[in-house]
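A.B. asks: Quick one: this structure, given as structure tokens, is what I'll be asking you about.
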Amino acid sequence: MKYNEILRNGEHTLAAAGIDDAENDARLLLEEASGIDYSHLMISMQDEVPEDVVKKFNDYISLREKRIPLQQIVGYTEFMGLRFHVNENVLCPRQDTEVLVEIVLKDIESSKRKMAGALEPANNRALKVLDLCTGSGCISVSIAKLSDASVTACDISEKALEVARQNAYDNQANVRFFQGNLYGALPQADKYDIIVSNPPYIRSDVIPTLMPEVKDHEPRIALDGSADGLKFYRKIIEKSPDYLNPDGRIYLEIGYDQGAEVINLIRSCGYEDFHIIKDYSGNDRVIAATYYETNA
């Protein structure tokens, strides 16, 4: 069987299973099965496929046909230009979350420039960043790898933390990990300049309506934000001032329709300079705010 034939068969199988981007998924799985990149695969379409590649590709297609996420099948995904291991114990990192990381990286760089011009040499230190609900570690590892910040991350799931630790090791990123429920996982005396989180925020009644790849194959604990989707925002925001250094900032990923509600929570806790940042599709995606020293 030739590459073009096996690819076409895979596309038809995935399309019949209701997968929207069957053509793209089949091609990516063939690249993974064969170890041949896209450009070389395209010029090999008339070549015969080795039997071991045929078997591996068909196994991949069978898994994808069951709506198992492509990232879980191949075992990794790309995020912020880095490779992250994923499995059924963590959410697959989304491109929209890159907006959150990019904003925090800009904040870190801006703060570095300010501290570099400070009169007190002691002020010129690495910023401390806390990532709550770290999951795969895509946020904490990316920030640690792409900046000189001192990064701490926590998650309630030990299985998720196993993935996050592996990702930190693979990307040579220095992150302190703690297992536990939000701030309860942390050393009591710890204070941070930035708190960042992509918490569970989907309403419980919405989860059954999600795509099978999400509702059936990603951990519900990382999705379910309770009846109104706001459970974790309340917990994170309410205690955040106790864990922030003077004039600390908070950055939260939100659902596209949660901006006003989360802003109200932020405002009621004494934060100022709050604003919403949109994602690449133009949807509300991140809330940023500052807790000034005078409010402490």
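The values are calculated or read from the model by the stated rules, or taken from the named source; none is laboratory data. Since this is a predicted model, take the numbers as computed values, not measurements. All Cβ positions, even for glycine, are placed from backbone atoms using ideal geometry, and neighbour counts span all protein chains on display. Accessible surface areas use protein heavy atoms only, side chains included; no ligands, DNA or RNA. Shrake-Rupley method; radii C 1.70, N 1.55, O 1.52, S 1.80 Å.
A.B. asks: Treating the beta-carbon of each Lys and Arg as +1 and of each Asp and Glu as -1, no other charges, what is the dipole magnitude of region 15-88 about its Cα centre, to the nearest 20 debye? Provide the component values of the computation, followed by the final result.
C.D. replies: Details: 7 positive and 15 negative charges, 49 e Å.
Roughly 240 debye, rounded to the nearest 20.
A.B. asks: Positive end of the charge dipole of region 1-119 (Lys, Arg +1 and Asp, Glu -1 on Cβ, about the Cα centre): tell me which of G35, T13, Q95 has its Cα farthest that way.
C.D. replies: Going by the charge dipole, the pick is Q95.
A.B. asks: Further question on the same structure: Evaluate Rg over Rh across the chain, taking Cα atoms for both radii and Kirkwood's formula for Rh. It would help to have the intermediate numbers written out before the result.
C.D. replies: Numbers: Rg = 21.5 Å, Rh = 20.7 Å.
Across the chain, the Cα-based Rg/Rh ratio is 1.04.
A.B. asks: Accessible area per residue for region 156-296 in Å², computed with a 1.4 Å probe and the full protein assembly in place, what is it?
C.D. replies: Numbers: 6940 Å² over 141 residues.
Dividing the accessible area of region 156-296 by its residue count gives 49 Å².
A.B. asks: Assuming a viscosity of 1.306 mPa s and a temperature of 10 °C, what translational diffusion coefficient in µm² per second does Stokes-Einstein assign to region 114-225, Rh being the Kirkwood radius over Cα pairs?
C.D. replies: On the way: Rh = 15.3 Å.
Diffusion coefficient, whole number: 103 µm²/s.
A.B. asks: For region 18-164, just run the numbers: alpha carbon Rg, then divide by 2.2 N^0.38 Å, N being how many residues it has. Don't jump to the answer; show the numbers that get you there.
C.D. replies: Numbers: Rg = 20.3 Å, N = 147, 2.2 N^0.38 = 14.7 Å.
Dividing the Cα Rg of region 18-164 by 2.2 N^0.38 Å gives 1.39.
A.B. asks: What shape does region 207-280 have by the C-alpha gyration tensor, where a ≥ b ≥ c are the square roots of the eigenvalues, rounded means a/c under 1.5, and otherwise prolate means a/b greater than b/c and oblate the rest? Show your work: numbers first, answer last.
C.D. replies: Details: a/c = 2.37, a/b = 1.94, b/c = 1.22.
Since a/c reaches 1.5 and a/b is larger than b/c, the shape of region 207-280 is classed as prolate.
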